[in-house]
There are 2 protein chains.
Amino acid sequence: MLPMKSRYALKALVFLARHQADGPIPVAGIAAAEAIPVKFLEAILLELRNSGILTSRRGPTGGYQLRVAPQTVHLGDVIRNLSGPMAPLPCLSKSAYHRCGECVDETTCAVRLLMADVHAATLRIVDGTTLAALVARVDAAASGEAEGQSQRCRPQEGPPSAKLDFID
Amino acid sequence: MLPMKSRYALKALVFLARHQADGPIPVAGIAAAEAIPVKFLEAILLELRNSGILTSRRGPTGGYQLRVAPQTVHLGDVIRNLSGPMAPLPCLSKSAYHRCGECVDETTCAVRLLMADVHAATLRIVDGTTLAALVARVDAAASGEAEGQSQRCRPQEGPPSAKLDFID
DNA sequence: TAAAATCCTACCGTAATGGTAGGAATTAGG
DNA sequence: CCTAATTCCTACCATTACGGTAGGATTTTA
């Protein structure tokens with residue numbers, strides 16, 4: 001299960017990406033629009049700011065704003081920042097690796113071999129999708145809704161991305 | 001994180017698949033070979049038996065044994081049986097669906113659109129891999145270890161599997 | 001009948017999750 | 001300079017899931 005923290009963060013980021021032009025937006029506004037507990041969202045946006053993806057301004061007319069372009073925000077990094085590594089096994093995490101303890105031989109561990117594929121597939125999606133791409137996809141879902149055409153997730157142009165070095 | 005319950009189960013099943021010819025194998029034997037807490041494994045194997053994938057015999061010379069062919073055991077079902085549905089969001093689970101509560105419009109929910117892909121990719125792997133295939137892969141890893149050739153997970157012959165209806 | 005095994009029920013400590021409470025610091029507008 | 005709106009920061013807390021353990025009842029073989 002993706003933790004609420006990450007769910008709320010993604011929702012808030014999509015919202016902020018949509019309202020880039022409107023200047024800083026207060027937490028209360030986002031919370032109301034997305035039905036997220038205010039104080040909880042407050043803490044989440046603070047973390048996102050401390051990790052460099054948001055800017056904030058205090059006082060009246062203050063609020064949060066994207067610091068970087070939505071095209072440069074990789075969703076995997078968002079999830080990682082808030083909820084830690086996503087590896088399904090400790091021995092598959094690059095950033096927080098540690099042996100499984102019970103594992104007799106890591107290179108021939110059945111569980112590891114299976115979950116390595118799962119992990120790789122997950123990373124390819126979450127790290128291969130940017131905030132901009134996600135917003136585009138939501139738009140596509142909104143307009144294509146009637147015709148029922150569910151579209152793919154990566155409408156990103158350019159060469160199929162130069163060897164991303166996925167972390168976790 | 002894949003729960004220990006499922007990890008242990010997968011290890012035990014691989015072990016049992018390897019020792020199919022040896023008749024029933026007592027819990028203590030598997031636990032010792034795979035470094036799994038005995039009483040915990042006891043409970044796990046019991047569940048696997050109740051779900052129909054293992055047979056048991058009591059008393060001396062008793063133990064556990066595969067009830068079905070390893071080619072028919074889909075690893076996704078094993079995980080589901082022991083640890084419940086794997087959907088990363090409640091609204092993506094077929095077997096335990098329920099709305100996210102905070103979700104304003106489910107069909108245009110950004111989080112859902114993203115995680116749907118992750119979920120699908122995961123199911124394609126865990127439900128597309130059988131116990132037999134996993135054992136084969138471990139063997140491949142064991143022999144290919146020196147040459148360092150990491151091989152793919154599905155050496156299954158036949159057409160690319162007739163529309164599996166993945167559950168969770 | 002003794003020993004080896006499965007089977008079953010109950011319990012339990014620890015950590016993570018999903019928040020809430022309360023207030024301090026900053027800033028804009030009047 | 002005062003007030004109100006906002007971010008920022010520190011604590012706390014209830015509930016649940018996880019990863020087991022304990023103890024014994026039941027079955028079966030030798």
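Listed conditions (1) within 14 Å of the chain's Cα centre (by Cα); (2) within 14 Å of DNA strand D (Cβ to nearest atom) are all met by A:Arg80, apart from (2). The condition of being open to solvent by 30 Å² or more (accessible area, probe 1.4 Å), more than 16 Å from DNA strand D (Cβ to nearest atom) and not aromatic (Phe, Trp, Tyr) holds for only one of B:Glu47, B:Glu106, that being B:Glu106. Looking only at the range A:3-28, filter to residues that are surrounded by 20 or more Cβ atoms within 10 Å (Cβ to Cβ), of a type outside the set (Gly, Ala, Ser) and within 10 Å of DNA strand C (Cβ to nearest atom); which one of those is nearest to B:His98 (Cα to Cα)? By that ranking, first place goes to A:Arg7. Taking the range B:49-68 as the range and being more than 9 Å from DNA strand C (Cβ to nearest atom) and in a helix (DSSP H, G or I) as the test, no residue passes. When B:Ala31, B:Ala43, B:Ala96 are screened for being within 12 Å of chain A (Cβ to nearest Cβ) and in a helix (DSSP H, G or I), only B:Ala31 passes.
The values are calculated or read from the model by the stated rules, or taken from the named source; none is laboratory data. Being a predicted model, the structure only gives us computed values, none of them experimental. Note: ideal-geometry Cβ built from the backbone for every residue, glycine included; neighbour counts use all protein chains shown. Remember, those area values only see protein heavy atoms, side chains included, never the ligands or the DNA or RNA. Shrake-Rupley method; radii C 1.70, N 1.55, O 1.52, S 1.80 Å.
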